[in-house]
Amino acid sequence: MKINSEIIDKSLASIGIENLNAMQNATLEANEKNKDLILLSPTGSGKTLAYLLPVLKSMKTDSQKVQALILAPSRELAQQIEQVWRSLGTGFKVNTCYGGRPSNGEKRELMVPPALLIGTPGRLQDHIERGNFDVSDIKTLVLDEFDKSLEMGFSQQMEAIISRIPNLEKRILTSATDAVSIPAFTGIQNPIKLDYSEKNNMLKGLKVFSVKGKNNDKMDLLYQLLCYLGNDSTLIFCNQRETVEKVSIYLMERRVSNEFFHGKLEQPDRERVLSKFRNGSCTAFISTDLASRGLDIPEIKNIIHFDSPVRLDEFVHRNGRTARMEAEGSAFVLLAEKEELPAYITPLPLILTLPALSSMPPKPEWVTLYIGKGKKDKLSKMDIVGFMFKKGQLAKDELGMVEVKEYYSFAAIKISKVNDVLRLVENEKIKNMKVKIEIAE
C-alpha cells in the first residue's frame, strides 16, 4: 500500500514546516506526472526535502526490501540526506553506506533491509555486486548532485549500479548546473526539467569584492583581510590540498585559530572539523572545492577566494555558500600584485582597500568537547544536553550545538566554562556509561 498525503503532512509537521517553497511544490507536482525529473538547484535551497517527499510518496508499507536508492558524491552529503529523512519521522528504515569505514558493519545492517538506502557510488556498487541486498524492489533512483559525481569520476560506478536495477520506474537527477550532458546509462528519457539554478536566481544579498596585494605574498594579504573581517564565519577556498594545509599552518603561526578540510582527511577528522565550524568553535575554515557543495554549513558570512577557481561555475558554487535564504554575505577575491582578475568575473567586483593596521581576529566564543559515545551506544542529543546542564552545571546560553555521530559526539560550550565543565564531569557517567570527554583538538 502506497503512502497518502496525510503522511506527508505529518512528516512536514515533525520538522516544523507549514509551507513548502516554490521549488519543493513544483517537484511534488512534477512527481504526479510519473515522468523522470531533472532538478537544477544549488546546495542550501531545500532540494533534499524537495526530492525526499516524492521518494516518501513512492514507498509501500508492505515491502520488506530496499525500495529507493539515493547516490551522493560524498559521505557528508549522504549523511545529511539520512539526517533529513530521519527528521521526517516516516517510520521507514534508512541506512547509509560510504567509504572510509569498514563495510562489514554496513553488511550486517543490510541484513534487515532499509526502505531507503543512501550511499556513495563506489561503496554501493560493492554491496550490490556482493549481493548484500536485494535490488528487485527498487522503483525510485535519485542521483543527487549528479554533476559533482561526474566531476569526481564516478561514471563507471553509477553505470554499474543502474545496470543491475531491473525494475526502476522513476529517476530523479539533481544538479547545480545545466552544463553537463546526461549520459545514456542513466536511462532518463523525456524528463521534466525544473530550473532553480543560481544562474536564474542570482544571490541578491551577495556583495563581491576584489582585494589587491602590494606584492606576491597572498598569505599576508589573507591575514590582513581576516583581521579586517573580525570574528564572522569565513570559508577560505584554495585550489589544491597542499595550499589548504600551507594556509592553515601560516594562520596558526599568526595565532589565528582555524580548521582545514579536503578529500584526504579521515572520516573522524572530517566530522570533527565540520562540527567545529558549524558550532562556532572555529570561524576560519580553509578548504578545497569539496566544501563548495554538499556540506551542511549554515550561516556563513564571508567567502574568500585565496585562489580563484578555473571556471565560472566553480566561482558561483563557492559564492553560493553565503547569502542564502535572503541573508546577506560577501565574497572576496584575493589578487597578488601581478595577478589579474579572471575574465569570467562580471560585473567587476567592488575594490576593497584594507586598512594598514587591524586588530587580530578575536578568539571564538565557543569550544568543542569530544564525547566518546554516539548513536551506536544509544546516546541521544537530549542525553548530552541533560548531562551538560545537570553534571556540567551549564546554563542554557552556555551550551551550543550538540551533534551525535555513530561512535562519538560533539558539544559546543562557552570557552569561559570549559575548565569548570571538564573538572565537574571528569568522573561522571552518561546513561550509566563511563565516557571520555575532552577538548576536540
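The values are calculated or read from the model by the stated rules, or taken from the named source; none is laboratory data. Given the structure is predicted, the values throughout are model-derived calculations rather than measurements. Backbone-built Cβ (ideal geometry, glycine too); neighbour counts: all protein chains shown.
Structural remarks
- Hey, Y370 of a type in the set (S, T, Y), surrounded by 11 or more Cβ atoms within 10 Å (Cβ to Cβ) and not assigned by TED's automatic domain parsing to the domain that holds Y228 or not: yes
- Condition broken by Q79, with the remaining ones in (1) surrounded by fewer than 16 Cβ atoms within 10 Å (Cβ to Cβ); (2) on the phi < 0 side of the Ramachandran plot satisfied: (1)
- Selection status of L399, at pLDDT 95 or above, of a type outside the set (K, R) and over 25 Å from the mean Cα position of the chain (by Cα): no
- Residues of the range 408-431 that turn out to be surrounded by 14 or more Cβ atoms within 10 Å (Cβ to Cβ) and either part of a loop (DSSP other than H, G, I, E, B) or in the same structural domain as L274 (by TED's automatic domain parsing) (or both), as a count: 3
- Taking the range 73-82 as the range and being in contact (Cβ under 8 Å) with a residue 24 or more places away in the chain and part of a helix (DSSP H, G or I) as the test, the residues that pass are R75, E76, L77, A78, Q80, I81, E82.
- Residues that are in contact with a Cys (Cβ under 7 Å, 6 or more places away or on another chain) and part of a helix (DSSP H, G or I), drawn from the range 83-124: E106, R123, L124
- Members of the range 392-407 that are surrounded by fewer than 18 Cβ atoms within 10 Å (Cβ to Cβ) and either free of Cβ contacts under 8 Å to residues at least 40 places away in the same chain or in a loop (DSSP other than H, G, I, E, B) (or both): Q393, A395, K396, D397, E406, Y407
Residues are listed down the side, and each one gets a yes or a no for (1) surrounded by fewer than 21 Cβ atoms within 10 Å (Cβ to Cβ); (2) more than 30 Å from K376 (Cβ to Cβ); (3) hydroxyl-bearing (S, T, Y); (4) in contact with a Leu (Cβ under 7 Å, 6 or more places away or on another chain):
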| residue | (1), (2), (3), (4) |
| --- | --- |
| M111 | yes, no, no, no |
| L124 | no, no, no, yes |
| L141 | no, no, no, yes |
| F146 | no, yes, no, yes |
| Q157 | yes, no, no, no |
| A160 | yes, yes, no, no |
| P166 | yes, yes, no, no |
| E169 | yes, yes, no, no |
| T174 | no, yes, yes, yes |
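- Scanning the range 349-367 for residues that are over 30 Å from the mean Cα position of the chain (by Cα) and at pLDDT below 90 yields P355, A356, L357, S358, S359.
- Q64, sole failed condition from (1) surrounded by fewer than 23 Cβ atoms within 10 Å (Cβ to Cβ); (2) without any contact (Cβ under 8 Å) to a residue 60 or more places away in the chain; (3) in a helix (DSSP H, G or I); (4) of a type outside the set (F, W, Y): (3)
- Contacts under 6 angstrom Cβ, first residue in the range 253-266 being touching a residue at least 24 places away in the same chain (Cβ under 8 Å), partner hydroxyl-bearing (S, T, Y) and in a loop (DSSP other than H, G, I, E, B), 6 or more apart: H262/T288
- Unmet requirement for T96, which otherwise passes all of (1) in contact (Cβ under 8 Å) with a residue 24 or more places away in the chain; (2) under 18 Å from the mean Cα position of the chain (by Cα): (1)
- Annotation note: of A323, A284, the sole residue that is at pLDDT 90 or above and among the small types (G, A, S) is A284.
- In the range 153-180, residue nearest to K193 (Cα to Cα) [restricted to those that are within 26 Å of the chain's Cα centre (by Cα) and in a loop (DSSP other than H, G, I, E, B)]: D178
- Members of the range 310-352 that are out of contact with any Lys or Arg (no Cβ under 6 Å at 6 or more places or on another chain), polar (S, T, N, Q) and within 25 Å of C227 (Cβ to Cβ): N319, T322
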